[in-house]
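The values are calculated or read from the model by the stated rules, or taken from the named source; none is laboratory data. Remember, predicted model here, so these are calculated numbers, not experimental data. With ideal geometry, Cβ positions are generated from the backbone for all residues, glycine too; neighbour counts draw on all protein chains shown.
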Amino acid sequence: MNSLAEPVARVSIDLGPRSYDILIGSGLLDAPASWSDLPDATTAAIVTDSNVAPLYAGRLKASLSAKYPKTTLIQLPSGEAHKDWAAMNSIFDALLGSGCDRKTLLFALGGGVVGDVTGFAAACYMRGVAYVQIPTTLLAQVDSSVGGKTAINHALGKNMIGAFYQPLRVVADIDTLRSLPKREVAAGLAEVIKYAPIADASFLGWLEEHLDELLALDASALQTAVRRSCEIKAIVVGRDEREEGLRAILNFGHTFGHAIETGLGHGQWLHGEAVGCGMVMAADLSARLGLIDAGYASRLKALIAAAGLPVRGPDSLKVDRYLELMRMDKKAHGGEIRFVVLEAVGRAGVRTAPDGLVTQVIEANSA
């Protein structure tokens with residue numbers, strides 16, 4: 001591959017013939033070398049949303065123009081509420097209307113919603129076309145763009161309809177994070193923080209030390225955080241691509257968090273906000289199960305709060321509704337809820353817990 005302006009971090013996802021690289025650095029959106037060795041195609045399509053399109057779609061199209069002169073721009077409505085069949089169909093309509101074939105390359109330019117919907121559309125269109133992830137939010141750069149999970153939401157649950165479908169590459173341009181509202185930055189930090197308690201105890205200390213720099217969007221701190229997050233996820237995905245075991249630990253905080261998102265209605269809380277609160281609950285559950293010290297759970301809660309994330313669940317969501325929604329979680333077996341818990345500092349696993357104990361956790365951590 002042609003050289004890119006330094007410093008650029010490269011993290012590899014080792015999946016045999018489906019292996020690919022994550023490029024992390026500044027200026028990648030405009031660098032021809034970011035795209036130079038992708039497959040040739042007579043047509044390409046950039047899928048983005050109404051927030052991101054005015055900021056970056058023109059720049060990306062110009063950067064791709066030499067290699068893909070016939071590039072269609074597909075703009076979706078913004079927000080989690082539009083992560084649905086209607087968005088999928090609008091992509092299909094545009095692709096078919098533009099004469100896109102099985103060699104067409106899709107570029108997902110945006111946050112987690114755009115990446116998930118585009119990836120699922122790529123998995124389905126003509127039984128599968130190639131795609132590239134270009135995440136423009138912190139949450140997408142450290143989590144949703146990496147690992148090939150693609151999905152849309154259903155009224156009864158988040159990400160219930162989808163496919164495992166790996167991209168050809170992930171291009172994470174740190175510069176795009178400068179346009180994020182503070183709330184989106186905080187939401188992304190939830191997924192960064194997640195990696196410390198489940199896989200790297202020392203990373204928690206680094207995050208505590210550098211949190212102010214991350215919140216101020218310091219490029220060096222962001223690149224380090226994104227790189228380390230992707231390194232951890234790459235190891236997990238490389239060992240368990242289809243979430244048959246180990247990969248479930250990446251859902252730390254998500255069982256409680258998805259219940260909050262679905263219970264309130266998709267889009268009321270940002271995904272990262274729900275995960276942040278969910279991690280507080282999951283750490284509390286871990287402590288009540290006797291797996292970790294309560295002091296460590298409190299330390300994690302303090303970092304989540306300092307990042308600007310909610311640490312108490314919404315008062316409108318009652319315990320019975322939590323339990324009902326969590327029984328539909330993808331990790332649940334036969335209606336039995338399975339939680340990602342901290343088995344030790346820096347190590348996670350999946351366990352069940354009595355409803356009574358879960359009720360105590362929810363009540364102790366709700367507004």
How many residues are more than 18 Å from residue 28 (Cα to Cα) and of a type in the set (Phe, Trp, Tyr) when one looks only at the range 105-140?
2
Any residue at all in the range 291-301 that is among the aliphatic types (A, V, I, L, M), under 14 Å from residue 192 (Cα atoms) and either surrounded by fewer than 17 Cβ atoms within 10 Å (Cβ to Cβ) or touching a residue at least 60 places away in the same chain (Cβ under 8 Å) (or both)?
yes
Can you confirm whether residue 218 is surrounded by fewer than 19 Cβ atoms within 10 Å (Cβ to Cβ), more than 20 Å from residue 302 (Cβ to Cβ) and free of Cβ contacts under 8 Å to residues at least 12 places away in the same chain?
yes
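For (1) free of Cβ contacts under 8 Å to residues at least 60 places away in the same chain; (2) outside the structural domain of residue 295 (by TED's automatic domain parsing); (3) not charged (D, E, K, R), each residue gets a yes or a no:
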| position | (1), (2), (3) |
| --- | --- |
| 196 | no, no, yes |
| 201 | no, no, yes |
| 212 | yes, no, no |
| 230 | no, no, yes |
| 235 | yes, no, yes |
Could you tell me whether residue 205 is closer than 30 Å to residue 291 by Cβ, assigned by TED's automatic domain parsing to the domain that holds residue 328 and free of Cβ contacts under 8 Å to residues at least 60 places away in the same chain?
yes
When you check residue 15 against the structure, is it of a type in the set (A, V, I, L, M) and closer than 26 Å to residue 75 by Cβ, yes or no?
no
When you scan the range 122-170, how many residues do you find that are under 29 Å from residue 186 (Cβ atoms) and more than 17 Å from the chain's Cα centre (by Cα)?
3
At least 2 residues that are in contact with an Asp or Glu (Cβ under 6 Å, 6 or more places away or on another chain) in each: list the strands (runs of 3 or more DSSP E) lying fully within the range 128-180 that qualify.
149-154
State yes or no: is residue 312 within 21 Å of residue 197 (Cβ to Cβ) and surrounded by fewer than 16 Cβ atoms within 10 Å (Cβ to Cβ)?
yes
Residue among 338, 347, 299, 288 that is over 28 Å from residue 138 (Cα atoms) and basic (Lys, Arg)
288
Would you mind finding the one in 49, 84 that is surrounded by 22 or more Cβ atoms within 10 Å (Cβ to Cβ), under 30 Å from residue 160 (Cβ atoms) and either touching a Lys or Arg at 6+ places or on another chain (Cβ under 6 Å) or of a type in the set (Asp, Glu) (or both)?
49
Say we look at the range 106-124 and pick out the residues that are in a helix (DSSP H, G or I) and among the aliphatic types (A, V, I, L, M); which of these is surrounded by the most Cβ atoms within 10 Å (Cβ to Cβ)?
114
Collect the residues in the range 172-206 that are within 25 Å of residue 12 (Cα to Cα) and hydroxyl-bearing (Ser, Thr, Tyr), keeping them in residue-number order.
176, 195, 202
